[in-house]
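The values are calculated or read from the model by the stated rules, or taken from the named source; none is laboratory data. Since we're looking at a predicted model, the values are computed, not measured. Cβ coordinates were reconstructed from backbone atoms using ideal geometry, including for glycine residues, and neighbour counts include every protein chain displayed.
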């Protein structure tokens with residue numbers, strides 16, 4: 001494959017996956033602007049390694065870069081965010097969906113970055129425990145314990161969302 005073909009295949013992959021990666025990044029960090037930076041960093045690192053990644057799983061590598069970059073950023077910032085997530089009741093219909101989403105966003109903000117990443121990768125990106133473990137660089141057992149701890153914390157922070165927080169069996 002020529003350099004031009006490799007560049008074209010990367011460009012094609014990046015344009016197809018950019019929005020999905022951005023949605024994941026927004027859920028990981030809770031900030032749209034920082035999410036855009038995470039995606040840009042991930043795309044840059046995938047581009048540098050494209051010759052090796054194109055035949056493997058560039059999505060997994062991009063997610064791993066975003067998760068690790070976000071955790072590194074959070075460790076450097078180390079600020080605690082305390083939110084009262086019980087100030088809105090959820091209603092039916094479109095307004096209720098928006099209320100539930102805002103409630104979920106506030107509850108996710110109370111998780112540690114690793115717990116948040118575990119929840120996002122497992123339940124939003126629908127990755128298996130093994131794929132989540134690979135993305136986070138941990139064992140499947142750690143994914144299980146992080147998932148359990150995160151769901152417990154979410155249930156305590158937002159009991160109104162209990163039906164959304166059912167653990168898979």
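Residues that are surrounded by fewer than 16 Cβ atoms within 10 Å (Cβ to Cβ) and assigned to a helix (DSSP H, G or I) within region 100-128 comprise 101, 102, 105, 124, listed in sequence order.
Take the conditions closer than 17 Å to residue 135 by Cα, outside the structural domain of residue 161 (by TED's automatic domain parsing), modelled with pLDDT under 90 and part of a helix (DSSP H, G or I) and apply them to residue 28. Does it pass? Walk me through it before giving the result.
Values: closer than 17 Å to residue 135 by Cα: yes; outside the structural domain of residue 161 (by TED's automatic domain parsing): yes; modelled with pLDDT under 90: yes; part of a helix (DSSP H, G or I): yes.
Yes.
Being touching a residue at least 24 places away in the same chain (Cβ under 8 Å), more than 30 Å from residue 109 (Cβ to Cβ) and not assigned by TED's automatic domain parsing to the domain that holds residue 111 holds for only one residue in 15, 9, and it is 9. Residues considered: 69, 152, 147. Of these, the only one that is farther than 18 Å from residue 26 by Cβ, buried (at least 16 other Cβ atoms within 10 Å of the Cβ) and modelled with pLDDT of 85 or more is 147.
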